[in-house]
Amino acid sequence: MSAESESRNTEPWGSFDENQGGGSAVIDMENMDDTSGSSFEDMGELHQRLREEEEEEEEEEGGGDGEFLGMKGIKGQLGRQVADEVWQAGKRQASKAFNLYANIDILRPYFDVEPVQVRSRLMESMIPVRMINFPQKIAGELYGPLMLVFTLVAILLHGMKTSDTVIREGTLMGTAIGTCFGYWLGVSSFIYFLAYLVNAQITMLQTLSLLGYGLFGHCVVLFITYNIHFHFLFYFLWLLCGGLSTLRMVTALLSRTVGQTPRLLLCGTLSVLHMMFLLYLHFNYHKIIEGLLESLEGPPMVPMQRVARDVPELTLNASLLMTH
């Protein structure tokens, strides 16, 4: 049995030796897996990588506990700071939105007025009140005055376009808005300053409302005279409408001011500024009727030019010069 097993075990090696002795070795590549070598290499690299990561973790846990905790603490602080900044930014945005809504709520009472009340106040702005012994009631709202200022801006734009006004710097819209709002806000502030000096019982809101409603007469006068170009009509409406609206404001200030000199100073200043402003708007942005009449008459005649005389003598002198 032993001899047979030895002969069986040595037969493959014997065939291999015989083939090797022939000088060539034949390997059947078809029976081998193409991916066997690469899979073993990948597994080796993966095993080596895991081994290195485990060693690094053991080193960090064993020898660098303080450093590890320090890095973790820094990362935690940075994360908390970023989260805090995001929270603060959102809080600021929310507070701005709430503040804006609160500001709108603050301004809402000054514009909360019925159209019937605005219409009645427009009519009352042209009717002077004779009672000056007691303070007259002045509306503390801004809706009517603001609408009148915008109406005056539109009428002024119409006058600029019909008069062919040329603005070198800026636009017609900007000029009209600046003129109307500048007068309303500027003169109201100046009158309130004078009222404060003479101890008149009026607030800034009441001054804005009083002067704003006083522009109703200006709107009526300019709307008519920008479309009907007659000077006598303008002067008549200037004295009638402009005078009535100015007199209404003067009586309101007289009822809230004590003393002759303070009354004269305050009411005289307001009257001059209000009436002069209407004259400025008319003559600065108005197509004058004389200009239309001149355009209808035709272009002006060209003046006669002087013609040189003694033409024969000039030609004789020129011919003598040519001969020489």
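I'd like the full set of residues that are hydroxyl-bearing (Ser, Thr, Tyr) and in a helix (DSSP H, G or I), limited to the range 231-268. Can you show your working first?
Kept after step one, since they are hydroxyl-bearing (Ser, Thr, Tyr), are these residues of the range 231-268: 235, 245-246, 251, 255, 257, 261.
Across the range 231-268, the qualifying residues are Tyr235, Ser245, Thr246, Thr251, Thr261.
Can you name the condition, by its number, that Leu210 falls short on among (1) open to solvent by 20 Å² or more (accessible area, probe 1.4 Å); (2) farther than 22 Å from Leu278 by Cβ?
The single condition Leu210 does not satisfy is (2).
When residues of the range 213-241 are filtered for being surrounded by fewer than 17 Cβ atoms within 10 Å (Cβ to Cβ) and of a type in the set (A, V, I, L, M), how many remain?
Result for the range 213-241: 5.
Residues Ala200, Ala195: which one is over 29 Å from the mean Cα position of the chain (by Cα), of a type in the set (A, V, I, L, M, F, W, C), under 27 Å from Phe134 (Cβ atoms) and in a loop (DSSP other than H, G, I, E, B)? Can you show your working first?
Working: Ala195 fails: in a loop (DSSP other than H, G, I, E, B).
After applying the criteria, what remains is Ala200.
Starting from the range 106-118, keep only residues that are closer than 16 Å to Tyr213 by Cα, then list their pairs with residues that are in a helix (DSSP H, G or I) and open to solvent by 80 Å² or more (accessible area, probe 1.4 Å) whose Cβ atoms are within a distance under 6 Å, requiring at least 6 positions of separation or different chains.
Once the first residue is closer than 16 Å to Tyr213 by Cα and sits in the range 106-118, its partners that are in a helix (DSSP H, G or I) and open to solvent by 80 Å² or more (accessible area, probe 1.4 Å) give Phe111/Tyr143; Val113/Tyr143.
Which pairs turn up if I take residues in the range 128-149 that are closer than 24 Å to Leu240 by Cα and look for partners that are basic (Lys, Arg) with beta carbon separation below 8 Å, at least 6 apart in sequence or on another chain?
Note: pairs meeting the criteria are Pro128/Arg248; Val129/Arg248; Gln136/Arg256; Ala139/Arg121; Gly144/Arg121.
Hey, could you check the range 130-166 for residues that are in contact with a Lys or Arg (Cβ under 7 Å, 6 or more places away or on another chain) and open to solvent by 20 Å² or more (accessible area, probe 1.4 Å) and say which is modelled with the lowest pLDDT?
Ser163
The values are calculated or read from the model by the stated rules, or taken from the named source; none is laboratory data. Small disclaimer: the values here were computed from a predicted structure and weren't measured. Reconstructed Cβ throughout: ideal geometry from the backbone, glycine too, with neighbour counts over all protein chains shown. Ligands, DNA and RNA are stripped out before the accessible areas are found, and what is left, the full protein with its side chains, is counted by its heavy atoms. Shrake-Rupley method; radii C 1.70, N 1.55, O 1.52, S 1.80 Å.
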